[in-house]
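Heads up: the structure comes next, in structure tokens.
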Amino acid sequence: MTDIGLPARLSPELQRVQWLDGAEGPTVGARFAGYNHHRLTGDWRTVSHVVELEEQRVFGWVVVEPDGRFGDPAPDPSEPLATWRFEVETEGTGSRLRQVARIGPGRSGISLAIDCTPEREEAIVAFRLAELRTNIEATLLGIKALAEEAR
């Protein structure tokens, strides 16, 4: 669950990732770049800061957008555009993996869409949440298939 390259292999949106600042793996405070693509908003880069790590249990990171595409070009990790987290818990003879996403409080592509058509805010948010659910399901199903292959 701490292999940052795995979601890039499975997600329709996250295209590739790389550790930054000489990091070679997850530690609290480590950073990694994510390169994303969306059919409506095109390509963009994010920087993620690892904020939570409990071996074999929790891996969490906050996402900022360092290029000023959605807002401040000097992003503050305490105001991320999103927070992501993998959680694993024992369930019976196996394990349950959850992927959790929280959007905001920082600006993101959703913010830009709402700026253009504020009267459609509810529909824009619902659309994006549905996309995120689909992407999360694709990632989790891919991880499940890989885990079952390895047995």
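The values are calculated or read from the model by the stated rules, or taken from the named source; none is laboratory data. These numbers come from a predicted model, not from an experiment. Backbone-built Cβ (ideal geometry, glycine too); neighbour counts: all protein chains shown.
Annotations for the structure displayed:
- No other residue among E87, E91 is under 24 Å from T2 (Cα atoms) and surrounded by fewer than 11 Cβ atoms within 10 Å (Cβ to Cβ) apart from E91.
- Here the range 111-125 is the region considered, the condition is being more than 17 Å from L81 (Cα to Cα) and hydrophobic (A, V, I, L, M, F, W, C), and the residue that is nearest to the chain's Cα centre (by Cα) is A123.
- Within the range 1-39, considering residues that are part of a strand (DSSP E or B) and of a type in the set (G, A, S), the one farthest from the chain's Cα centre (by Cα): A33
- Flag for R45 being out of contact with any helix residue (DSSP H, G or I) (no Cβ under 6 Å at 6 or more places or on another chain) and part of a helix (DSSP H, G or I): no
Okay, residues lined up against (1) within 20 Å of D43 (Cβ to Cβ); (2) at pLDDT 95 or above; (3) not small (G, A, S):
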{"residue": "S78", "(1), (2), (3)": "no, no, no"}
{"residue": "T83", "(1), (2), (3)": "no, yes, yes"}
{"residue": "G92", "(1), (2), (3)": "no, no, no"}
{"residue": "R120", "(1), (2), (3)": "no, yes, yes"}
{"residue": "A126", "(1), (2), (3)": "no, yes, no"}
{"residue": "N135", "(1), (2), (3)": "yes, no, yes"}
{"residue": "L146", "(1), (2), (3)": "no, no, yes"}
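- From the options I124, I136, residue that is buried (at least 16 other Cβ atoms within 10 Å of the Cβ), aliphatic (A, V, I, L, M) and closer than 23 Å to R16 by Cβ: I136
- Residue match in the range 29-42 (condition: in contact with a His (Cβ under 9 Å, 6 or more places away or on another chain), under 22 Å from G142 (Cβ atoms) and surrounded by 13 or more Cβ atoms within 10 Å (Cβ to Cβ)): yes
- Scanning the range 107-151 for residues that are outside any helix (DSSP H, G or I) and in contact with a strand residue (DSSP E or B) (Cβ under 7 Å, 6 or more places away or on another chain) yields one hit, S108.
- Filter result (under 20 Å from S48 (Cβ atoms), part of a strand (DSSP E or B) and not charged (D, E, K, R)) within the range 92-106: L97, Q99, V100, A101, I103
- Number of the exception - G25 against (1) in contact with a Leu (Cβ under 9 Å, 6 or more places away or on another chain); (2) of a type outside the set (D, E); (3) farther than 21 Å from F127 by Cα; (4) at pLDDT 90 or above: (1)
- Pair list, Cβ under 8 Å, 6 or more apart: the range 20-39 residue of a type in the set (D, E), other residue part of a loop (DSSP other than H, G, I, E, B): D21/A30
Conditions (1) out of contact with any Gly (no Cβ under 6 Å at 6 or more places or on another chain); (2) within 17 Å of Q56 (Cα to Cα), marked per residue:
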site: G71; (1), (2): yes, no
site: L81; (1), (2): no, no
site: W84; (1), (2): yes, yes
site: G104; (1), (2): yes, no
site: L112; (1), (2): yes, no
site: R120; (1), (2): yes, no
site: R133; (1), (2): yes, no
site: R151; (1), (2): yes, no
